[in-house]
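Worksheet: the structure to be examined is printed underneath.
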Amino acid sequence: MTSRYSLKLLYPRDEIAGEVRRMAERISVDYAGKDLLVIGVLKGAAIFLSDLVRAITIPVEFDFIGLASYGDRVTSCGEVKITAYPTSAMEGRHLLVVEDIVDTGLCVDSLLKFLKERNPASLKLCALLDKPVRRQVPVNIDYSAFTIPDKFVVGYGLDYAQRYRNLPGIHTLEEAADD
Ligand code: IMP
């Protein structure tokens, strides 16, 4: 018996686009007149960030931070390693971290601690997806679009074994028995 994966559409591209626009409107109001630096977490948030910053109507800079990959498993990390550092100055600036998904919360929790040590003027979190049932550490998400059940999702930047990031919608990835 072998196994394969099947994809089921959870959020189509139009629904995602609407939510991203609404988030960008809120961010544009909340950060008006402030020196906003958006920091995207590679690679999962790259597509979300590129749509988000184009919908933000105030001046904004963006940069990226790379976190260690967790291999090809359908699971999250336990410990975070930074693999690529942002080159932008962070001290005294308003930092907004952009994540694809908050699952256990362990990654973003250590990332926020790391960024706090850079003495920003403020530090907030924007996550496209929130999977609260799997949380292991409390995480305050300032802007989030969708709260999802305990399913593994791919598309719109999210991957399984580096695949499916290019799908325009978000899909659940489910194992389908096959013999
Ligand atoms: P956390 O530390 O458990 O919150 O995991 C965060 C990271 O794990 C995310 O930024 C993703 O890279 C990955 N991850 C967690 N859940 C999923 C999922 O359902 N699909 C794809 N990647 C996921």
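The values are calculated or read from the model by the stated rules, or taken from the named source; none is laboratory data. Since the model is a prediction, treat every value here as computed from it, not as a measurement. Here Cβ is always computed from backbone atoms with ideal geometry, including for glycine, and neighbour counts include all displayed protein chains. Calculation scope for accessible area: heavy atoms of the full protein, side chains included, ligands and nucleic acids excluded. Shrake-Rupley method; radii C 1.70, N 1.55, O 1.52, S 1.80 Å.
For the stretch 13-151, the alpha-carbon coordinates run over 41, 36, 24 Å along the three principal axes, in decreasing order.
Taking 0.36 nm per intervening residue step and subtracting the Cα-Cα distance, what contour gain separates Asp14 from Arg26 on full extension? Present the calculation step by step, with values, prior to reporting the outcome.
Working: separation 12, 0.36 × 12 = 4.32 nm, distance 1.87 nm.
Gain in length upon complete extension: 2.4 nm.
Residues of the stretch 41-64 with amide nitrogen under 18 Å from the 7 Å Cα-to-Cβ point of Asp35? In the stretch 41-64, the label zone of Asp35 (backbone N under 18 Å from the point 7 Å along Cα→Cβ) covers 58-64.
If r is the Cβ-Cβ distance from Lys116 to Ala161 and R0 is 35 Å, what FRET efficiency results, to the nearest 0.05? If you can, show how the numbers build up before the last one.
Details: r = 32 Å, r/R0 = 0.92.
E between Lys116 and Ala161, to the nearest 0.05, is 0.60.
To the nearest 10 degrees, how steep is helix 106-116 against the longest Cα principal axis of the chain, on a 0 to 90 scale? Tilt of helix 106-116: around 10 degrees.
Per the 1.4 Å probe, what fraction of the accessible area of the chain, in percent, lies on carbon and sulfur atoms? List each step's numbers first, then the result.
Numbers: 4580 of 9280 Å².
Taking all protein chains in place, the chain shows 49 percent carbon and sulfur surface.
Past 26 Å, Cα to Cα, is the threshold; run Lys8/Lys131; Lys43/Lys113; Lys43/Lys124; Lys81/Lys116; Lys8/Lys124; Lys8/Lys43 against it and keep the listed order. Don't skip to the end; give the middle numbers.
Values: Lys8/Lys131 17 Å; Lys43/Lys113 20 Å; Lys43/Lys124 19 Å; Lys81/Lys116 16 Å; Lys8/Lys124 32 Å; Lys8/Lys43 22 Å.
The pairs that break the limit, which is 26 Å between Cα atoms, are Lys8/Lys124.
As I understand it, the value is the acute angle between the Cα axis of helix 13-30 and the longest principal axis of the Cα atoms of the chain; what does it come to in degrees, rounded to 10? So the inclination is approximately 20 degrees. Between the C-alpha center of the stretch 5-39 and that of the stretch 137-179 there is a gap of 16 Å. Between helix 46-55 and the chain there is an angle of about 50 degrees, using the helix long axis and the longest principal axis of the Cα atoms.
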